[in-house]
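Trainee: Structure in structure tokens, see below.
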Amino acid sequence: MTQPDGQNTTLDNLLSENRTFAPSSEFAAQANATAELYQQAEQDREGFWATQAARLHWDTEWNQVLDWSDAPFAKWFVGGKLNVAYNCVDRHVEAGNGDRVAIYWEGEPGDSRAITYNELQREVCKAANALSELGVGTGDRVAIYLPMLPEAVFSMLACARLGALHSVVFGGFSAEALRSRINDAEAKVVITCDGQYRRGKPMALKANVDEAVTATPSVEHVLVVQRTEQEVGWNSGHDKWWHDVVDRQSDQHTPEAFDSEHPLYILYTSGTTGKPKGILHTSGGYLTQAAYTHQAVFDLKPDSDVYWCTADIGWVTGHTYIVYGPLANGASQVIYEGTPNTPDEGRHWAIVQKYGVSLYYTAPTTIRTFMKWGSDIPAQYDLSSLRLLGTVGEPINPEAWMWYREHIGNGTAPIVDTWWQTETGAIMISPLPGVTAAKPGSAQQPLPGISAKVVDEEGNQVGNGQGGLLVLDKPWPAMLRGIWGDDQRFKETYWSKFAEQGFYFAGDGAKYDESGDIWLLGRVDDVMNVSGHRISTTEVESALVAHSTVAEAAVVGASDATTGQGIVAFVILRGGTGSEDSGDSATNALRDHVAHEIGPIAKPRQIMVVSELPKTRSGKIMRRLLRDVAENREVGDVSTLADSSVMDQISAGMKSGS
Ligand code: WTA
């Protein structure tokens, strides 16, 4: 394990940032969150979480808040029973809010649909009845491979209603990536659609499923939503149209109460090895923290706010802050199908104006893209409805933070920089709007009820002004309950580094500033963060070496002004590096190959053909040195290399090749 050494100048600048933005008195006066929350949680953590759990409807009350006796396997709200979908849908209808719009769905071509909680209830019931008819029962797994369509939300909630686990696979992943996820979870049903709109064009999606399910023995049915009406291949043995199976179902379905620890979903994320980890989340604790954080951090007022989280449903942000948090809180939210520049670069602001969006949550990489497009674009729209902005997924540079506040937030909106992970399930570190004086670039403090520390390699907390590794030193309700089918890997990955102290190791570097606020500094392991998406270096390396022309590969994440990091690969080709086969066509073929193996998001920005890779005497590739080359820095200490001249050759090749 290395110290955070991948920091670039942007991050260094971050640390000399000392502006603060106190909340306005008007905002503070109406804010959901108060400073007392910190004290309450401090005095009685479990009591605090018990209060938060009371946000939900429990069919059976729990009798113990936390059982940590089998650490690191937590049990929250022990003995309690609830139905997650009932909490997200039916209880709002029963409370008289059935006519409230749950989802303002906006299609990329301009079609739209407003779905009330009444309708959402009917749609979820029909989908649940359809899945039951297809043989899905409690504990079964359903893979959902859909773009941002309402049916994605209906499907997830239908699974939750039945006590089946969903495994949502991002629509940008390849057939290969989909297949390995289906097989790891042994999914019984796959839900997909014919195609999706991307930049104004229909693009096939089902074709990837057709390719994936040629070798997925567990799959019994493929349920296909019709979206683009394009031609699709059809396997009459297992393919079924959503409109044939779901539309004819009864819109009544009685939800069953499940144990608080009943599994809710699996979501795959990249780790430090080539094989993605199936992160497992359960019901009561997860929904409690999702609802609490969504209400406190976004200051949600369900009867007046219009909330919009721009994440894709295929990532954890889409799970917790499109589906479970907002719907548990009875929010009205926008879900947008397409890209931000279709038909033009003002699309997001046209949507904000159209629906009067008041709470907007996106990724720093998107903000930097908007900056590149220019502030004259948002200036053409009425954004006065926006009263709070959020960011997630990667550190935000102060410049982007300031631009966001100035040009999107009318110069006044509080910004919440929220740090969390697929594994944490919900927001862990963030300013509290109306309470915290915000600092551009810092996520600042653990939320009330959450405990996080920056420690050194020995697990000792570092002092103010010092950096180290981020750990979570107390269990939290939405924490992952394991890695699907691999308890050993769960313990090793997160709990072995600080086993003695019992800390969860997050994999992020962090630093305290002089007043004790936390600044996140990026991953310290072999995980890259490209446009807020986690991709492991080993995953891309495995894809590269699976190509017949590649003998060896090393991949690094190099800092990138827009995407945070960009993927740079160094490859040794088989049979030497004949110049005729190491040119553009060879590297383009490799980039396409990676897209085919993993998905377009994993395509290397740059591939360098080299004759050697820098290795230590024990054979470990020194990625730190390759990162120096990829970021055009002077190459660091090479004394531990088996052959120290290797770096000279690589640097020379990089210069002549670029
Ligand atoms: C990074 C996304 C800095 C971090 C919810 C973490 C952040 C990884 C922030 C998790 C933030 C997320 N500031 N870094 N506000 N939020 N990260 O699992 O490196 O896709 O470990 O979850 O994103 O990514 P994941």
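The values are calculated or read from the model by the stated rules, or taken from the named source; none is laboratory data. Remember, predicted model here, so these are calculated numbers, not experimental data. Note: ideal-geometry Cβ built from the backbone for every residue, glycine included; neighbour counts use all protein chains shown. Please note that ligands, DNA and RNA were not included when accessible areas were found on the heavy atoms of the full protein model with its side chains. Shrake-Rupley method; radii C 1.70, N 1.55, O 1.52, S 1.80 Å.
Trainee: Every residue in segment 170-183 that is open to solvent by 20 Å² or more (accessible area, probe 1.4 Å) and either closer than 12 Å to Val219 by Cα or of a type in the set (S, T, N, Q) (or both), please.
Mentor: If the condition is that a residue be open to solvent by 20 Å² or more (accessible area, probe 1.4 Å) and either closer than 12 Å to Val219 by Cα or of a type in the set (S, T, N, Q) (or both), then Arg179, Ser180, Asn183 are the ones that fit.
Trainee: Also, I was wondering about something else. I need every pair where a residue in segment 198-215 that is of a type in the set (A, V, I, L, M, F, W, C) has its Cβ under 6 Å from the Cβ of a residue that is open to solvent by less than 60 Å² (accessible area, probe 1.4 Å) and in a helix (DSSP H, G or I), sequence separation at least 6 or different chains.
Mentor: From segment 198-215, the pairs are Ala212/Ala175; Ala212/Leu178; Ala212/Arg179.
Trainee: I've got another one for you. State whether the residues of segment 527-538 include one that is crowded, with 20+ Cβ neighbours inside 10 Å, within 12 Å of the ligand (Cβ to nearest atom) and of a type in the set (D, E, K, R).
Mentor: yes
Trainee: Any chance you could count how many residues in segment 313-331 are open to solvent by less than 10 Å² (accessible area, probe 1.4 Å) and either away from the ligand (no atom under 16 Å from the Cβ) or part of a helix (DSSP H, G or I) (or both)?
Mentor: 13
Trainee: Sticking with this structure for a sec: Across segment 338-369, which residue is surrounded by the most Cβ atoms within 10 Å (Cβ to Cβ) among those that are touching a Lys or Arg at 6+ places or on another chain (Cβ under 9 Å) and free of Cβ contacts under 8 Å to residues at least 60 places away in the same chain?
Mentor: Out of the qualifying residues, it is Ser358.
Trainee: Against the condition of a type in the set (Val, Ile, Thr) and assigned to a strand (DSSP E or B), how does Thr418 come out, does it pass?
Mentor: Yes: the conditions hold for Thr418.
Trainee: Tell me, which residue of segment 52-107 that is open to solvent by less than 20 Å² (accessible area, probe 1.4 Å) and acidic (Asp, Glu) is farthest from Trp349 (Cα to Cα)?
Mentor: Of everything passing the filter in segment 52-107, Asp90 is farthest from Trp349 (Cα to Cα).
Trainee: Here is a follow-up. For segment 402-444, which positions are open to solvent by 20 Å² or more (accessible area, probe 1.4 Å), within 13 Å of the ligand (Cβ to nearest atom) and over 11 Å from Val392 (Cβ atoms)?
Mentor: Selection gives Lys439 alone.
Trainee: While we're here: From the list Asn83, Asn87, pick out the single residue that is within 19 Å of Ala478 (Cβ to Cβ), touching a residue at least 40 places away in the same chain (Cβ under 8 Å) and out of contact with any Pro (no Cβ under 8 Å at 6 or more places or on another chain).
Mentor: Only one candidate qualifies: Asn87.
Trainee: Now a separate question. What do you reckon, is Thr493 β-branched (Val, Ile, Thr), open to solvent by 20 Å² or more (accessible area, probe 1.4 Å) and in a loop (DSSP other than H, G, I, E, B)?
Mentor: Judged against the criteria, Thr493 is not a match.
Trainee: Which of (1) over 30 Å from Glu94 (Cα atoms); (2) more than 16 Å from the ligand (Cβ to nearest atom) does Pro395 not meet, given it meets every other one?
Mentor: With (1) over 30 Å from Glu94 (Cα atoms); (2) more than 16 Å from the ligand (Cβ to nearest atom) applied to Pro395, the lone miss is (2).
Trainee: Considering only residues that are within 14 Å of the ligand (Cβ to nearest atom) and among the hydroxyl-bearing types (Ser, Thr, Tyr), which ones fall in segment 490-526?
Mentor: Thr493, Tyr494, Tyr504
Trainee: Within segment 232-289, count every residue that is in contact with a His (Cβ under 8 Å, 6 or more places away or on another chain), of a type in the set (A, V, I, L, M) and either part of a loop (DSSP other than H, G, I, E, B) or open to solvent by 10 Å² or more (accessible area, probe 1.4 Å) (or both).
Mentor: 0
Trainee: Please indicate, with yes or no, whether at least one residue in segment 353-372 is in contact with a Pro (Cβ under 7 Å, 6 or more places away or on another chain) and basic (Lys, Arg).
Mentor: Within segment 353-372, not a single residue is in contact with a Pro (Cβ under 7 Å, 6 or more places away or on another chain) and basic (Lys, Arg).
Trainee: Could I ask something else about it? Could you list, in sequence order, all residues of segment 297-312 that are crowded, with 23+ Cβ neighbours inside 10 Å and within 16 Å of the ligand (Cβ to nearest atom)?
Mentor: Listed by number, the residues that qualify are Val297, Phe298, Cys309.
Trainee: Further, regarding this structure: Can you confirm whether Asp508 is open to solvent by 10 Å² or more (accessible area, probe 1.4 Å) and assigned to a loop (DSSP other than H, G, I, E, B)?
Mentor: No; evaluated as a whole, the condition is false for this residue.
Trainee: For residues that are farther than 17 Å from Leu264 by Cα and either of a type in the set (S, T, N, Q) or touching a His at 6+ places or on another chain (Cβ under 7 Å) (or both), tally how many sit in segment 53-97.
Mentor: The number of residues fulfilling the criteria is 6.
Trainee: To continue, here is another question. So the check is Cβ under 7 Å with 6+ separation or different chains; which pairs have a first residue in segment 31-49 that's surrounded by fewer than 19 Cβ atoms within 10 Å (Cβ to Cβ) and a second one that's in a helix (DSSP H, G or I) and among the small types (Gly, Ala, Ser)?
Mentor: Asn32/Ala296
Trainee: For segment 376-392, which positions are within 15 Å of the ligand (Cβ to nearest atom) and touching a residue at least 60 places away in the same chain (Cβ under 8 Å)?
Mentor: Gly390, Val392
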